[in-house]
Every structure is written in C-alpha cells, then in structure tokens.
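Nothing in this text is a laboratory measurement; each read-out follows from the coordinates by a stated rule. Remember, predicted model here, so these are calculated numbers, not experimental data. So basically every Cβ, Gly included, is an ideal-geometry build from the backbone, and we count neighbours across all protein chains shown.
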Amino acid sequence: MNKLNVYYHPSSLEHKGFPGFAERPARLKKLTAIFNEMSLPVIQPNGATEAMLHRAHTPEYVAHVKSIGEKGLIRATAANITSNHVQWYTRVSKGSYKAATDAAGAVCQAVEDTLSGKCNRAFCAVRPPGHHAGPERGEGFCLFNNVAVGALHALESGAQRVAIIDFDRHHGNGTQDIVEKGGGGKILFVSSYQDGCKYNRNDTEGRISPEVLTVPLPENSGFTTVEALFRQQVIPALYEFKPDIILISAGFDMHKSDPLTNLKLESKDYETLTGMIVDAANNLCQGRVVSALEGGYELKALESCVRHHLTALNR
Ligand SMILES: [Zn+2]
C-alpha cells in the first residue's frame with residue numbers, strides 16, 4: 001500500500017482564464033516537480049461520469065457547463081450567457097468541461113483508492129477548484145464541486161460518514177449547499193474562512209446545523225489564532241462525528257503573501273495544520289485523508305505550502 005498517492009491530469013492546464021487572471025494554469029505546472037522530488041506516485045485519473053456529477057449537480061447545470069465550454073467562451077458575462085447558471089466572474093474555456101470532469105474524477109478515484117486500501121492518503125492537484133460550485137451554479141473560480149462529488153462518491157463506495165474540512169481562506173458555500181441538500185446527515189462540513197468573506201451567506205456562524213460548522217477567522221490572524229480555533233472547534237467536531245474518511249478542501253490562500261487575502265500564515269503552518277487533521281484521521285479512520293487543491297494564488301507561496309502539506313500527509 002502506498003502511503004500517499006497524487007492524482008493529476010494534464011487536462012487541468014487546458015482550463016483557461018485570460019492574461020493576469022489569478023486562477024491560472026501556472027499554479028499547477030510547478031507542483032509536478034515537487035511530486036517527482038518527493039518520489040510520490042502520480043496517477044492520471046479518469047473523468048467523473050455524468051452519474052457521479054449528478055449526485056451533486058443538476059443535470060441541467062452539468063449540460064450547461066458542457067455547452068458553454070463547447071462554444072469556447074473565455075468569459076461568461078451576462079452578454080454572452082443567457083442563463084444565471086454561471087456567475088459573470090467564472091471562466092469557462094474550451095478545455096474547461098474536460099478539466100472540470102477530470103478534477104471531480106480525481107477526487108472520486110482518490111476516495112476509492114483510499115477506502116479500498118490502495119493508498120492511505122491522497123492529494124488531488126486539480127483545477128478548476130470546486131468549493132464555491134453549488135447544485136446548479138458555478139461561482140468564483142469553480143465549475144464542479146470536486147470535494148462534494150468525492151464525498152458523495154465515498155458514501156456510494158461504502159463509507160457511512162464523511163467529514164469535509166475546508167481550510168481555504170474563503171467559505172465553501174457551494175459545498176455547504178450540496179451537503180445540506182444531499183448529504184442526508186452523513187456528511188459533516190467544517191469551513192474556516194476570513195471573517196466577512198463575501199461567500200458566507202449564513203445569518204449566523206458556528207454550529208449552524210448538525211452537519212455544518214463555520215469558523216470565521218479574524219482579519220490579520222496569524223497561525224496562533226488559526227491553530228487555537230482548529231484545536232478548540234474543528235478537531236473536536238471530527239472526534240464527535242467519527243468519520244470513515246476525511247476530505248480536505250485545501251486552499252492555500254491564508255498565506256501572508258496571497259494577493260487575495262488578509263491572513264498571515266507562513267508556509268510551514270500548513271504542515272502543522274495538516275498534521276492536526278492527519279492525527280485525527282489516524283485515531284478515527286485508519287488515517288484516511290483525501291485532499292483536493294482549492295485556492296492559493298501566489299505561485300512561490302503555493303509551491304512551498306503544498307510541499308509542507310504533502311510532507312504532513314506523507315508522515
Ligand atoms: Zn480561496
């Protein structure tokens with residue numbers, strides 16, 4: 001059994017925005033060198049089937065993404081998209097549908113391999129990211145919700161309870177919507193985010209339902225604050241829920257260099273943070289953790305954060 005597998009498909013580089021767009025192919029290009037350097041097995045995943053996508057997204061939405069991708073529209077503005085399925089800011093290019101289905105498929109395959117014991121942990125180096133994509137809507141940089149599709153696939157593959165930890169700087173509003181709509185109480189969603197995040201549309205914060213815990217992080221927090229909130233709120237929620245597998249929406253935009261955020265984490269803090277989740281997984285679910293890339297937009301910081309994240313997953 002491999003301890004840590006990586007799932008990566010070159011199609012992820014064919015999802016394009018426009019020059020200067022923060023969520024860009026270069027984010028992934030450099031990561032492949034780290035996988036080689038750490039001698040991690042890199043698996044090219046199969047794309048998610050429509051049936052897998054339909055567990056999280058409506059057939060109409062999936063078909064819509066496919067059709068606008070075929071038109072090759074780089075920018076989904078109100079002028080050239082006649083439905084409200086995709087936010088104006090969200091980019092859809094010719095390669096996007098394949099990249100997005102391969103991204104969701106990567107998490108499904110990683111979940112299967114982890115549950116069946118082919119590996120103990122997995123990192124999915126994917127784009128487009130997924131956590132803002134809801135049942136019938138693409139938003140932010142996200143088209144299909146890779147982690148939510150993976151969590152629902154885990155339930156289909158024999159897991160009884162799945163926990164999702166989203167430590168991206170932004171709230172995973174799409175994941176929350178899918179979990180509330182289709183999780184059946186078998187998925188716990190925990191999301192930390194910088195306080196005031198525009199994607200958080202909940203009226204309250206904290207334990208807003210049995211299946212959703214939100215953890216706002218005060219602006220300009222360093223790791224001392226973030227670590228304390230994880231120890232006090234996130235990790236205890238995992239122990240209470242007792243998952244069979246833990247999925248991570250791994251956004252690295254809490255880093256102090258990230259252009260989109262005001263949090264102050266150092267790269268090495270992601271090793272500590274990931275290690276806390278790995279320790280819980282070792283105690284609760286035979287170490288099973290599947291992580292999927294979400295945000296992180298400063299290339300040097302992203303590279304170094306992912307290196308620390310993988311080091312903790314590979315322990
Ligand atoms: Zn983010």
>> What's the whole-number percent of alpha carbon pairs in segment 2-313 lying beyond 24 angstrom?
In response: 46
> Under a straight-distance cross-link criterion of Cα-Cα below 20 Å, which aspartates and glutamates are reachable from Lys71, leaving out those fewer than 8 residues away in the same chain?
Replying inline: Glu14, Glu50, Glu60, Asp102, Glu136, Glu139
> Any idea what diffusion coefficient segment 219-275 gets from Stokes-Einstein, in µm²/s, Kirkwood Rh on alpha carbon pairs, 20 °C, 1.002 mPa s?
Replying inline: 173
> Using the 10 angstrom Cβ neighbour count as an exposure proxy, how do Thr274, Thr204 rank, fewest first?
Replying inline: Thr204, Thr274
>> Please list, in order along segment 208-221, the HN-Hα scalar couplings obtained from phi with the Karplus expression 6.51 cos²θ - 1.76 cosθ + 1.60 (θ = phi - 60°), rounded to whole Hz, x for Gly and Pro.
In response: 7, 7, x, 9, 10, 10, 10, 10, x, 10, x, 3, 6, 4
> Distance from the Cα centre of segment 1-39 to that of segment 188-202, in angstrom?
Replying inline: 26
>> Can you pull out the chymotrypsin sites (Phe, Trp or Tyr not before Pro) in segment 164-240 whose DSSP state is coil and whose Cβ has at most 16 other Cβ atoms within 10 Å?
In response: none
>> I want the local charge near Gly172. Using Cβ-Cβ distances under 10 Å, sum +1 for each Lys or Arg and -1 for each Asp or Glu among the other residues.
In response: -4
> Which of the pairs Lys16/Lys98; Lys29/Lys256; Lys16/Lys264; Lys16/Lys94; Lys66/Lys98 have their Cα atoms more than 19 Å apart in this structure?
Replying inline: Lys29/Lys256; Lys16/Lys264
> Using θ = phi - 60° and the Karplus curve 6.51 cos²θ - 1.76 cosθ + 1.60, what whole-Hz ³J(HN,Hα) does each residue of segment 303-315 get, with Gly and Pro shown as x?
Replying inline: 4, 6, 5, 5, 4, 5, 4, 5, 4, 5, 5, 8, 5
>> Kirkwood hydrodynamic radius, computed over distinct alpha-carbon pairs, for segment 175-315: how many Å, to one decimal?
In response: 15.5
> Amide H to amide H, which residues 5 or more places from Val290 or on other chains are under 5 Å from it, using H placed in the peptide plane?
Replying inline: Ala122, Ile246, Leu247, Ile248
> Each residue of segment 40-56 in order: what ³J(HN,Hα) in whole Hz does its phi give by Karplus 6.51 cos²θ - 1.76 cosθ + 1.60, θ = phi - 60°, with x for Gly and Pro?
Replying inline: 8, x, 10, 10, 8, x, 7, x, 5, 6, 4, 4, 5, 5, 6, 5, 10
> What is the sum of charges around Tyr297, taking Lys and Arg as +1, Asp and Glu as -1, for the other residues whose C-beta is under 15 Å from the C-beta of Tyr297?
Replying inline: +2
